[in-house]
Amino acid sequence: MPETPQNRPQGHAPSGRGQEYRSPATARFTVDGRPERRSGSAADRSAHASRQTGSYRPQPEATPYGRDADAYRKRVQADRASRPAHSGVTGRNERQPGPTRQQHAPRANARYANDDRYLKKANRSTSLPVKPALIGIAVLACIVIGIVIFVQSRPISVIVNGEQLELGGSKDIAAIIEAGYASPKTGDFVAVDGEVLEAGKGEAFTAYVNSKKTNDPKTNLKAGDVVIVADGANAVEPSQDTVETVPYEVIQEGNGPLHVIEGKGVDGSKTTKIGDISGKTFVEDIAPQNPVCRQYYPDTGDDKVVALTFDDGPWPDSTGEVLDILAENDVKATFFTVGNRIDDNGKALVKRAHEEGHQICTHTFDHASGDGNGVDLGLMSAEQQIEEVTKGYDAIEAAIGEKPSTVIRTPGGNFNADVQKNLAPYISAEIGWNIDSSDWRLPGADSIAAQIEGAWPGAVILCHDGGGDRSQTIAAIREAIPYLKEQGYTFVTIDEMMEYPAKPMQS
């Protein structure tokens, strides 16, 4: 049996030459159990050399274990396991605390502590490389920028102050002025009355691009733009202003049954300015824009046309009978309806009249009842007048399903200047008459018929289909309409009558 440190007899030197005998108390062993050679070894020689150079550091002696080599080996392994990992160095021979051997043990048999993290890395590795993609984007951006620069550098053709020019480089108003294509004079700084306080302290130029004003010299121009560059406007001193409103009025013009509103009324103003610097006073007047109520007779020439009109409907029975007579004679008329009478039955009558080609207009909503005493809008407030008309429109629209005509007839034909002004924004025309059949007086069917039969070309005839018993009116039109047709007359609506020009006014 070979001799080992475990079975060697105590007190006997080891076999072999050149080996120093050590007692069990001083013997040292390697991890595999063999005795450690120390005397005259390379380690001794290296230590001796280190002492000579001054870099020697004595090593701590290991604790003797005698014959227990297994215990020593376990000690060494435990010492290695307790050493910190070399993840970072904070100083010489200084290490961060590391996990114990028990913490590392599970990782020895596990594939990965976090498989998803490595799977994500694997997936990213198959995607398009980042650098080539960025290079491609950069190349594309360069191409686009190059195209833009090329397009912007090409000359464009514009018209400046009536002359066609080619602009290269910068294409704005400043380039036109710098190139000498226009030489505007700078405006002055002036008082409220126009007196020059400082010359050349106003606007540098006044420019219009396609009729749109601009004071920005960097206004970009496009091919085909029409540019006007003129002298700069004066800058006016700051001032204290007082403004007074000048109301517009409706101007009366002419005479006749057709009253057409022309133009939109706009209030004027009177502004008094007192200059903060000069102390001067200046009054600026802006005249109002006055609409015109043009009253005229239609000039029908050789056309024998008349306009038959009916007020105050719809009315039970009588409106339907009137529509029957008109249909039998194939003629058209205009109905001026009262809005609050367009109830369920009234809607049906108004709708029928509209579908049979008659013109439907409003005669106000409730015939100016209340403050208007049932006959005169001029006795009502402006708000009440407007409500009478707009509610009348709404009632008609609810019956016919479309926007109604804005031609109206006021109750009693009362259409004075105040009513004209208040209603001007809401109506296009107000219609009077030049033949009153007087059927509202109930003079008898023959009397009513005689009035109608006395018509002339361009006449507007007033009748009623509502407001009371209209049996005389129905009998009269049954006689008068065929008579006028035999005389060669044609019955037209008010819209058709207004298509004719106005007769010249007689002085």
Would you work out the charge dipole size for the range 396-507 about its Cα centre, treating the Cβ of every Lys and Arg as +1 and the Cβ of every Asp and Glu as -1, and quote it to the nearest 20 debye? 200
For every other residue with a beta carbon closer than 14 angstrom to the beta carbon of LYS185, add +1 if it is Lys or Arg and -1 if Asp or Glu, then tell me the sum. -2
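Between VAL139 and ILE274, what's the calculated FRET efficiency when r is the beta-carbon distance and R0 is 56 Å? Round to 0.05.
0.25
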In the range 307-360 the accessible area split gives carbon plus sulfur, as whole percent at 1.4 Å, a share of 42
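If you add up the charges near ASP439, with Lys and Arg at +1 and Asp and Glu at -1, over every other residue whose beta carbon is less than 11 angstrom from its beta carbon, what do you get?
Surrounding charge for ASP439 is -3.
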Counted charge near VAL305, where neighbours are those whose Cβ lies closer than 13 Å (Asp, Glu -1; Lys, Arg +1): -3
Search the structure for amide H atoms under 5 Å from the amide H of SER369, placed 1.01 Å from N in the peptide plane, and list their residues when 5 or more places away or on another chain. GLY374
Probe radius 1.4 Å, ligands and nucleic acids ignored: give me the carbon and sulfur share of the accessible area of the range 378-507 as a rounded percent. 47
Given a cut-off of under 8 Å on Cα pairs at least six residues apart, what relative contact order in percent is computed for the range 414-507? 25
Share of accessible surface on carbon and sulfur in the range 168-290, whole %, 1.4 Å probe and ligands ignored, is 49
Quick one: if you stick a label point 7 Å off each Cα along the C-beta vector at VAL266 and ASN329, how many nm between them? 4.7
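Given a Förster distance of 35 Å, report the FRET efficiency between SER447 and ALA348 from their Cβ-Cβ distance, rounded to the nearest 0.05.
0.65
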Using Cα pairs closer than 8 Å and at least 6 residues apart in sequence, work out the relative contact order for the range 305-464, in percent. 26
If the only charges are +1 at each Lys and Arg Cβ and -1 at each Asp and Glu Cβ, what is the size of the charge dipole of the range 354-412 around the Cα centre, to the nearest 20 debye? 140
With a 1.4 Å probe and all protein chains left in place, how much accessible area per residue does the range 357-507 have, in Å²? 44
Roughly how far apart, in whole Å, are the Cα centres of the range 389-414 and the range 450-486? 23
Between VAL375 and ALA235, what FRET efficiency follows from the Cβ-Cβ distance if R0 is 41 Å, with the result rounded to 0.05? 0.10
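The values are calculated or read from the model by the stated rules, or taken from the named source; none is laboratory data. Remember, predicted model here, so these are calculated numbers, not experimental data. Every residue, glycine among them, receives a Cβ derived from its backbone with ideal geometry; neighbour counts consider all protein chains shown. Remember, those area values only see protein heavy atoms, side chains included, never the ligands or the DNA or RNA. Shrake-Rupley method; radii C 1.70, N 1.55, O 1.52, S 1.80 Å.
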